[in-house]
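Written out below as C-alpha cells is the structure these notes cover.
The values are calculated or read from the model by the stated rules, or taken from the named source; none is laboratory data. All values reported here derive from a predicted model rather than from experimental measurement. Positions of Cβ are generated from backbone atoms using ideal geometry, with glycine treated the same way; all protein chains shown enter the neighbour counts.
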Amino acid sequence: MSRPKAAVSHVLVALQFSAIVIVAWPFVAQVADRAQWLGLSALGVIVGLYTLAHNKLGNFGIYPEPIPDACLITTGPYRWVRHPMYTSLLLFMLGIALYRDAWPNYIGFGLLCAAVFGKMQREEVHLHAKFADYSDYVQRTHRLLPRIY
C-alpha cells in the first residue's frame with residue numbers, strides 16, 4: 001500500500017501542469033521566423049522517447065514520491081543523468097516558449113523550472129531512502145545535463 005502524497009507534492013504537480021499550459025498558450029497570434037526553436041522541442045521528444053525505451057511505463061509517476069514497487073534504472077540515458085524525463089520536458093517546453101516568444105510564455109517556463117526543480121529535490125530524498133545504491137549512482141551521474149548539471 002502506498003503512502004498518501006505530501007501536500008507539497010500536489011502543489012508541485014499542479015504548478016507543473018499549470019506552467020505547461022502557460023508556456024504553450026498562444027499569447028501572440030502571429031509567430032514568424034521562429035520555427036527553428038521547434039527543433040529544440042523535437043530534441044526533447046527524442047530524449048523522452050529514448051528514456052521511455054529504457055524505463056517501462058508504470059515504473060514512474062507524476063509525483064516525486066516513487067511508486068511502491070519502482071526499480072532503479074541506470075541504463076540508457078540514466079547512465080548520464082538521473083532525471084532524463086525532466087530533461088526531455090524542459091527541452092520540449094523551452095523550444096515552445098522560444099517559439100511563442102511572449103513574456104507570459106517565458107514566465108510559464110520559469111514556473112515550470114521551479115516545479116521541476118522542486119520535484120527533483122523531493123524525489124531524490126525519497127530515492128536515497130528507497131535504494132541503498134542511490135548514493136553511488138548520484139556520485140557518477142548528473143541531474144539533468146551530462147557533464148554539466
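Couple of notes before you dig in:
- If the condition is being among the aromatic types (Phe, Trp, Tyr), in contact (Cβ under 8 Å) with a residue 60 or more places away in the chain and more than 25 Å from His10 (Cβ to Cβ), then region 104-149 contributes only Tyr137.
- Filter result for the condition that a residue is exposed (fewer than 13 other Cβ atoms within 10 Å of the Cβ), out of contact with any Ser or Thr (no Cβ under 6 Å at 6 or more places or on another chain) and under 22 Å from Ser135 (Cβ atoms), over Asp33, Asp69: Asp69
- Top-ranked residue of region 49-94 - restricted to ones that are among the charged types (D, E, K, R) and modelled with pLDDT of 95 or more, ranked as nearest to His142 (Cα to Cα): Arg82
- Scanning region 44-95 for residues that are farther than 21 Å from Arg122 by Cβ, among the basic types (Lys, Arg) and touching a residue at least 24 places away in the same chain (Cβ under 8 Å) yields a count of 1.
- Restricting region 92-149 to residues that are hydroxyl-bearing (Ser, Thr, Tyr) and surrounded by 14 or more Cβ atoms within 10 Å (Cβ to Cβ), the residue that is farthest from Tyr50 (Cα to Cα): Tyr106
- Beta carbons closer than 6 Å, at least 6 apart along the sequence or on distinct chains, pair a first residue in region 17-35 that is more than 12 Å from Phe109 (Cβ to Cβ) and of a type in the set (Val, Ile, Thr) with a second that is modelled with pLDDT under 95 and not in a helix (DSSP H, G or I) for Val28/Ala102.
- Residues of region 122-144 satisfying the condition of being under 19 Å from the mean Cα position of the chain (by Cα) and outside any helix (DSSP H, G or I): Thr141, His142, Arg143, Leu144
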